[in-house]
1. Quickly run through the range 19-30 and pick out the residues that are loosely packed, with under 15 Cβ neighbours inside 10 Å and modelled with pLDDT of 70 or more.
2. Condition check: in a strand (DSSP E or B), open to solvent by less than 60 Å² (accessible area, probe 1.4 Å), at pLDDT 85 or above and in contact with a helix residue (DSSP H, G or I) (Cβ under 9 Å, 6 or more places away or on another chain). Does LEU7 satisfy that?
3. For TYR61, indicate whether it is open to solvent by 40 Å² or more (accessible area, probe 1.4 Å) and within 11 Å of the chain's Cα centre (by Cα).
4. Would you point out the residue of the range 36-48, among those that are without any contact (Cβ under 8 Å) to a residue 12 or more places away in the chain and open to solvent by less than 80 Å² (accessible area, probe 1.4 Å), that is nearest to VAL5 (Cα to Cα)?
Amino acid sequence: MRFYVDLETTANGGPTGDSPEAHWKNNEVLLCGWSAARGQVQIDDTLTSLLNALFNAINDYGEATIVAHNAKFDIKYLM
């Protein structure tokens, strides 16, 4: 199943506190927009519904493909 994802996060952190990367622990999701298999777009202020849908897709289909607006940034944050 294919997931279309765009995360809007804070971008603070790193050793100097000014890294633009999202994956540092002190960042948070402001908005999470996503759609599964080109279905209805969902917009949430947490990752909960997206992560549940990804987990269910992996359990049901054995895989999930993530297509992201800025894949490096968004997938780093998800990890």
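The values are calculated or read from the model by the stated rules, or taken from the named source; none is laboratory data. Model, not experiment: these values are computed from the prediction. FYI the Cβ positions are ideal-geometry reconstructions off the backbone, even for glycines, and counts take in every protein chain you see. Please note that ligands, DNA and RNA were not included when accessible areas were found on the heavy atoms of the full protein model with its side chains. Shrake-Rupley method; radii C 1.70, N 1.55, O 1.52, S 1.80 Å.
1. Across the range 19-30, the qualifying residues are LYS25, ASN26, GLU28, LEU30.
2. Taking the combined requirement at face value, the residue satisfies it.
3. When the stated conditions are applied, TYR61 does not pass them.
4. Filtering first and then ranking leaves GLN42.
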